[in-house]
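To start, the structure under review is shown below, and the notes come after it.
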Amino acid sequence: MAKRKFFAAGLISSSRKSIELGLKKRGLSNRALIVGIVLFVVAITLAPPIQNYFTQRAQINALKTQISDNQAMLDKAADELAQWDDPEFVASQARARLHFVFPGERQYIVVGNEEIENNDQQTKVSGQLPVGIPWYSRLISSITSTNVSN
């Protein structure tokens, strides 16, 4: 029996040759195509682990800064606790916070001290007061000018 040729065999071989010629004209060989596909697959495979790595590094750095902040707060609290071991500091805090005094001492509590501390503004001296007259005349004129303006 004779071999029968497939009807489109000639067409397929000619199209294969034209595709190979087209790829060679463009400078793209089968090896380059395979290398490109392999690199693409490797990139797709490695992208999530690399992203996870950088995310975890950022989290580690954030936690390290949080640890250093917590350590600073702990050191500050330890220093404050060490202050309370000093009897003079305890006595000064008892005086300031609880108004304790030692026997024989007198404590004076100033009432309304907040108003005095907050009212540090200088009183305005009027430019209308006469200059070159005795002090008592200036005093009387300042009193009378105050009564007039109010």
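What to note about this one:
- Computing FRET efficiency as 1/(1 + (r/R0)^6) for HIS99 and GLN71, where r is the C-beta to C-beta distance and R0 is 35 Å, gives about 0.45.
- With the simple spin-label model, which puts each label point 7 Å out from Cα in the Cβ direction, the LEU81 to ARG57 separation comes to 3.8 nm.
- Placing pseudo-labels 7 Å out from each Cα toward the beta carbon at ILE143 and ARG106 gives an inter-label distance of 3.3 nm.
- Prolate/oblate/rounded label for segment 60-113 (Cα gyration tensor, a/c 1.5): oblate
Each reported figure results from applying straightforward, stated rules to the coordinates on display, with no laboratory input. These numbers come from a predicted model, not from an experiment. We place every Cβ from the backbone using ideal geometry, glycine too, and count neighbours over all the protein chains shown.
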